[in-house]
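Report on the following structure.
The values are calculated or read from the model by the stated rules, or taken from the named source; none is laboratory data. Computed from a predicted model, the values in this text were never measured in an experiment. Using ideal geometry, Cβ is built from the backbone for each residue, glycine included, and neighbour counts are taken over all protein chains shown.
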Amino acid sequence: MDQEHPNLSEAKPVISLRDLRVSYGETEILHGIHFDVRAGETLVILGGSGSGKSTLLRTLVGLEKPSSGQIWINGKDLAAVSSDELYEIRKKTGMSFQGSALFGSMTVGENVALPLREHTELEDSTIEIMLRLKLEQVGLAGFEYHLPSQLSGGMKKRAAVARALAMDPEILFFDEPSAGLDPIIAAGIDQLILELKKAFHMTIIVVTHELASAFLIADRMVLIDKGNIVAIGTVEEMRSSAQPRVRQFLDRVPEPDVEGELDYLQTLTERYRRHR
Amino acid sequence: MVGENGMEFVSQIGAGVTDSLAYLGSLAMLGGRAAYYTFVGPFQGKSLRLQSAAAQAMEVGVRALPILSLITFFIGLILALQSAYELGKLGAMNLVAKAVALSMSRELGPLITAIVVIGRSGSAFAAEIGTMKVSEEIDALEVMAISPVHFLVAPKFLAMIVMLPCLTIWANTMGILGGALFGVTQADFTLGRYIQASIESLYLRDILSGLIKSVMFGITITAVGCLEGLSTGGGAEQVGRSTTKAVVISILLVVVVDLVFTAAFFFLGNG
C-alpha cells in the first residue's frame, strides 16, 4: 500500500474520509471508513452485497448523514455543512444512479437540461446546444425528444450520465454502472467511463461488484466488507495482494460458513416448531 | 396494581401518541416548506413553478369538475329531501332552500369537495412521488441540488390552495341546483324563486367560513399525500401502501380540521 500510483500520489485529495461511521437506526453499517480520493483519479469501491458500499456512496453525495466522522469535499465537511452549502457542493458533482433515475414524464433532452435550467441563467438556445453536446458525448445524439421509457437499459444509463455531466462536474459518482446490462452493453458503459476520464480529467468514483469492469476502469480500488475497508491500493497491488479476504473476493471463492439451503430450511422449521 | 399487560398497554398508548405527534410535526414542516417556496421563495430568487402549478391545477381542479358536479348535485337533492321530511310536517317547505344553501356552503360543499379531491389527487400525489422515490428520482433531484419540495410539492401546494376554494364554490352552486330540482318539482318553487331564496338566506360569512376551511383542507391533503409519497420505502408494493395511507389519513385529518375550524367559528361568534 506504500507504493502508490506515481502520477497520482502527488495530486491533492478532493475527497477525504476521516473515521466515517454511518448507522441506520441502531445498526451501524460503516465502521470507521478512512481514505482519500485524489484529483483526477478513478477510484472503484468494490464489495459484495450488503458490504456497505452503496451506503458509502449515498453518504458521499450527502443522501445519508454520517453518525460520526468527517467527509471533506474540496475543503468542506459534508457532515457539518448547511443545506444551502450542500447544494453548492452538489452543483459541482454529478451522479449516475443504478436504475438511471431519469424523470419518466420528461424527454431525454429535458432530463439533461434540467440542472442547467435550474442552476444557470443560460438562454434556452444555449441550453439546447449544451444538451445536444452532452448527449453526443455519451453516444445518444438525436435522442433528445425520446421519453426514457422508449430507451433500452444501456441507453438509459447513457442518458443518466449525460444528465450527470450537464453541469460540468468536478467529481462524478457511479452507482453500479453495469447493473442489469448485458456484457456487451456493460462494456460499452465501461468504455464511456474511460473516455470521460481521458477527455475531462474528472475525479470519478465508481461503486461496483463487477470485477472485470473494476480492473478495467480503476486507478485505485477500495475493497469493503461488512462496513470495513479490507484493502486499498492500485490495480496492480490489489491483483497481487495476498490478503485472504481480497483473494477470496477476487478469486470468487464462496463463503465457506454459509448454510446450505436445506440447513436453512431445517433451522426455519425447527424455530417454527419451537414457537408453537 | 398495574399488571405487566397493563403496563404494556399504557406504553403502547404512549408510543402511539408520540408517533402521531411526530407525524403531525412532519406534516407541519412539509406544509411550511411548501408555503415558503410558494410565498417567500419567489422574492428570494427561487422561481415559482407556475407552469407546473398550472398543470397541477388543471389536473386537481378542472378535471375534477364532472364527478364533483354529479356528486354535489345529488347531495343537494338528498339534503332537500331530508329537510323537507321534517320541514314539511311543520308546513315550512319554503325553508328547504335555506336549509340546503346553508348546509352546502357551511359544511358539505367544502367537505365533499375535499373528499373527492382526496380520492382523485391526494392518492395521485402519494403514488406519483412514491414511485419517484422508489426509482431513485427523488434522490436524483437531491443530488442535482434541486429541492424535491420546491420542485414537486410547492406546485401541488399552490394548485391545491387555489383550486379547492374554486371547486368548493362550484360544489355549493351544484348543491343548490340539486336542491332546486326538488324545490321546483315538489315544493311550488320556481327556479328563479328558489335561487333567490337560497341567495337571500346566505350571509357572506357562511360562504367565507366554508372557503377558509377548504383552503385548510387543501393544505392538509397536499401535505399528507406528499409526505406519504416521500416516506415510501423500497419496492412497488410500498407505493400502494403509501397511497392507501394517504387517503385514509387525509380523510381523518380533513374531518379533524373541519371540526377545529367549525368550533373556532362557532366560539368566535361567527356561528
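Brief remarks follow.
- Any hit, segment A:12-19, residues being touching a Leu at 6+ places or on another chain (Cβ under 6 Å) and in contact (Cβ under 8 Å) with a residue 24 or more places away in the chain: no
- Yes/no for residue A:149 being surrounded by fewer than 16 Cβ atoms within 10 Å (Cβ to Cβ) and either at pLDDT 90 or above or within 12 Å of chain B (Cβ to nearest Cβ) (or both): yes
- Among helices (runs of 4 or more DSSP H) entirely within segment B:94-138, having at least 1 residues that are charged (D, E, K, R) and within 14 Å of another protein chain (Cβ to nearest Cβ) singles out B:123-134.
- Taking residues in segment A:163-189 that are within 13 Å of chain B (Cβ to nearest Cβ) and in contact (Cβ under 8 Å) with a residue 40 or more places away in the chain, and partners anywhere that are assigned to a helix (DSSP H, G or I) and among the basic types (Lys, Arg), the pairs with Cβ atoms closer than 7 Å and at least 6 places apart or on different chains are A:165/A:134; A:166/A:134; A:167/A:91.
- Among residues of segment A:74-117, those that are more than 13 Å from chain B (Cβ to nearest Cβ), touching a residue at least 40 places away in the same chain (Cβ under 8 Å) and crowded, with 20+ Cβ neighbours inside 10 Å, counted: 1
- Of the residues B:234, B:240, the single one that is among the small types (Gly, Ala, Ser) and in a loop (DSSP other than H, G, I, E, B) is B:234.
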